[in-house]
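The values are calculated or read from the model by the stated rules, or taken from the named source; none is laboratory data. What you see is a predicted model; the values in this text were computed from it and never measured. So basically every Cβ, Gly included, is an ideal-geometry build from the backbone, and we count neighbours across all protein chains shown.
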Amino acid sequence: MGIFNRSKDATFDAPTAVLDDISGDYTIDAAHTRLGFSARHAMVTTVRGQFKEFSGTAHVDAANPANSKVSLVIVPASIETGQADRDGHLTSGDFFDVENHKEITFESTSVERDGADWSITGDLTIKGVTRPVTVDFEFTGSAQDPFGNTRIGFEGAAAINRKDWDLTWNAALETGGVLVSEKVKLEFDVSAIKNA
């Protein structure tokens, strides 16, 4: 039992729902949003990281989701994995080449909704290469914060092959396999504030 006993205390509080209709224009709150990723390293462990600098907007139309739009700009030089040498390698020409490519962008091209589940497809541009990506999101609630802001939250994820965006560096392992997996999982924990 002990600390490994899963109880109600191990889960998050129930989400709130201050808005009946979440339609409107929003700005992503970077201080309360995480744009993360994870990838296998040496075929045996998972390395996680995130981007610390980004901005984004969303127009949400709950009644007609196809009218919704999302725009996101990420600064790849802000990558953080908890290890300075690895971060330096990721920002180098082997990966994001931040000297020549200052931004990663995402522009939605279609939005679909099924209850609390949203599917956002858009053009993801990394190192000048643009390819479509679909991110599945779950609406996690709405709230009025103590500062008078109306907030909405979404959690989402997608898997991509980094080689599709010319992120091709790798090293072979003597035991077979490669040092860095081609598959990268993208993770989004988004808090957005409704524009006044």
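Quick notes on this one:
- Thr33 being over 14 Å from Leu186 (Cα atoms) and of a type outside the set (A, V, I, L, M, F, W, C): no
Quick grid of which residues meet (1) part of a strand (DSSP E or B); (2) farther than 19 Å from Val18 by Cβ; (3) over 18 Å from the mean Cα position of the chain (by Cα):
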site: Thr109; (1), (2), (3): yes, yes, no
site: Arg113; (1), (2), (3): yes, yes, yes
site: Thr121; (1), (2), (3): yes, yes, no
site: Thr125; (1), (2), (3): yes, yes, no
site: Val133; (1), (2), (3): yes, yes, no
site: Asp136; (1), (2), (3): yes, yes, no
site: Gly141; (1), (2), (3): yes, no, no
site: Ile152; (1), (2), (3): yes, no, no
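- Failed item, numbered, when Asp136 is tested on (1) farther than 24 Å from His101 by Cα; (2) at pLDDT below 95; (3) of a type outside the set (A, V, I, L, M, F, W, C): (2)
- Residue in segment 31-45 that is modelled with pLDDT under 80, under 26 Å from Glu80 (Cα atoms) and of a type in the set (D, E, K, R) present: yes
- Residues satisfying the stated conditions in segment 61-88, i.e. touching a residue at least 40 places away in the same chain (Cβ under 8 Å) and within 15 Å of Val135 (Cβ to Cβ): Pro65, Ser68, Lys69, Val70, Leu72
- Residue check, Lys52 modelled with pLDDT of 95 or more, touching a His at 6+ places or on another chain (Cβ under 8 Å) and either farther than 20 Å from Glu155 by Cα or not polar (S, T, N, Q) (or both): no
- Residue under evaluation Gly93, criteria (1) touching a residue at least 24 places away in the same chain (Cβ under 8 Å); (2) surrounded by fewer than 18 Cβ atoms within 10 Å (Cβ to Cβ); (3) part of a loop (DSSP other than H, G, I, E, B); (4) not acidic (Asp, Glu), criterion not met: (1)
- Any hit, segment 62-82, residues being surrounded by 14 or more Cβ atoms within 10 Å (Cβ to Cβ), within 15 Å of the chain's Cα centre (by Cα), part of a helix (DSSP H, G or I) and of a type outside the set (Asp, Glu): yes
- Verdict on Phe147 being surrounded by 15 or more Cβ atoms within 10 Å (Cβ to Cβ), closer than 24 Å to Ala31 by Cβ and of a type outside the set (S, T, N, Q): no
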